[in-house]
Amino acid sequence: MKKFIAMITSICLCAVAFLSTPALVSAVGNNEAAFVVEKVSGYAGDEVTVDINVNNNPGIATAKVTVTYDSDVLELKSITNGTVMEGALYQGPQYLESPFSLSWVVLENKTSDGVLATLTFAIKDSAELGDASIELTYNPKDVINLEEEPVTFAVENGSVTVNCNHVAGTWEEENPASCTEKGTEVQKCTKCGVVLNRRDTDALGHSFGKWETVTSPDCTNKGSEKRTCSVCQYTETRDIDPLGHSWESDYTIDKEATCTEDGNQSIHCSRCDAVKDSQVIPKSHKYGEWIVDKEATCTEDGSRHRVCSVCKAEETETIPAAHQFGEWETITAPTCTEKGSEQRTCSVCKEVETRDIDATGHSWETEFTIDKEPTATEDGSKSIHCKNCDAVKDVTVIPAGTTATDPTEPSSPSDSSESDVPQTGDSFPVEVLIVFFVAAGALTVLLVVNKKRVRSK
């Protein structure tokens with residue numbers, strides 16, 4: 001009988017796995033339904049237990065999960081079914097190797113939180129210190145409730161930390177402090193001698209006397225003063241700020257500018273020869289008005305000149321050629337996917353300049369349009385249409401045998417005549433029910449035969 005039940009369980013779970021698509025799950029939130037793999041620690045040679053817990057359970061009837069662990073560090077010794085799926089048809093792995101799968105099937109919704117399964121690991125003697133990962137994954141359609149609806153769980157992976165059980169000793173002086181230098185002291189593990197903590201000890205500090213002037217400051221130069229430690233005779237010196245300049249409020253012209261040479265001006269100190277904010281007075285000609293020597297055309301540069309009234313120096317300049325273009329006019333209007341073009345014309349020489357106009361891009365409707373109504377045997381379809389052309393996107397299958405969703409409210413669950421759960425197009429529920437009823441019938445026949453044998457005895 002136990003072998004038969006195990007066989008039936010395997011058939012059901014294989015059907016579920018066949019109809020599922022592997023997927024990863026997200027990290028755990030505060031109030032999310034979640035599979036949480038315990039984080040534990042131990043030492044090389046120890047055995048540790050790791051619980052796979054279920055938090056915020058919304059209710060599940062069928063579950064299949066895959067566990068992968070670091071086999072270089074850990075050796076799986078045993079697996080114990082937990083309390084969450086108590087009474088379910090349970091199937092564990094044939095071999096305790098990474099990765100392995102765990103499966104449960106029960107004819108009710110299990111809604112309690114707690115332990116899904118307990119894993120017992122041996123930490124290998126060769127294991128190095130650090131974390132050995134234990135990861136859980138599942139296919140979204142491998143975890144469903146009694147109504148055959150997928151139930152989403154976040155996953156928090158676990159680990160086994162291999163460490164030394166340090167015992168901290170007393171603080172010991174490592175380096176003594178001096179007047180100017182900090183010292184250090186350490187706290188070591190009494191078992192392995194590893195330094196667990198290190199901290200600084202404050203410098204003792206100098207015992208200084210009074211400050212004595214060494215050099216007096218002046219207008220531009222710092223002065224200095226010193227003091228001496230009475231313990232170690234260390235001498236500390238510091239600067240005395242300069243007195244600072246007494247700056248005049250107006251600039252003094254140090255050199256007049258000419259047509260060919262720069263001049264300069266600066267702010268002078270009233271107490272010494274120091275200057276600041278020295279500025280160049282640019283050399284400059286006294287030019288008259290521009291005289292045009294040659295007018296520019298659409299295609300040829302022109303020229304002009306001007307003369308300095310002081311030194312008679314002459315400056316020439318090019319007048320760039322330039323068209324007299326009018327406004328841009330559209331030649332070909334752009335579409336959703338194709339560029340358009342526009343042009344403008346010079347009013348003088350009639351030169352024409354052309355450039356592209358970027359495609360406008362699609363203007364998508366906000367609601368689905370039903371392109372094909374589903375029938376009892378054929379799928380239908382719906383999509384989002386462009387307002388300006390025949391383009392479509394987000395083509396969605398409407399399963400056969402269902403009522404098409406109202407195109408004005410494509411995402412509203414209340415418009416479905418079958419269920420409040422969005423239809424995915426999978427045939428999973430019907431096939432699983434067929435498998436389940438076949439298995440149940442076989443089990444009933446076996447029980448009847450067994451009773452007849454008992455009566456005949």
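Read-outs throughout are calculated quantities, based only on the coordinates presented, and are distinct from any laboratory measurement. Since the structure is predicted, the reported quantities are computational estimates derived from the model, not experimental observations. Positions of Cβ are backbone-derived with ideal geometry, glycine not excepted, and every protein chain shown enters the neighbour counts.
Tabulated values for the structure
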read-out	value
Residue (of PRO93, THR83, ALA154) at the positive-pole extreme of segment 75-231, dipole from beta-carbon charges	ALA154
Kirkwood-based shape ratio for segment 129-186, expressed as Rg/Rh from alpha carbons	1.50
Calculated FRET value between TRP328 and CYS298, using beta carbons and R₀ = 25 Å, to 0.05	0.85
Charge dipole magnitude, Cβ of K and R +1, D and E -1 - segment 247-331, Cα centre, debye nearest 20	360
R0 of 56 Å, Cβ-Cβ distance THR369-THR49: FRET efficiency to nearest 0.05	0.45
Part-to-part distance (alpha-carbon centres) for segment 316-376 and segment 254-278, which is given in Å	60
Amide H partners (placed H, <5 Å) of ASN388, local residues excluded	SER363
Distant-in-sequence amide H partners of GLU351 (H built 1.01 Å from N, under 5 Å)	CYS346
Whole-angstrom gap from segment 279-299 to segment 128-172, using each part's C-alpha centre	80
Cα gyration tensor shape for segment 201-352, rounded if a/c is under 1.5, else prolate or oblate	oblate
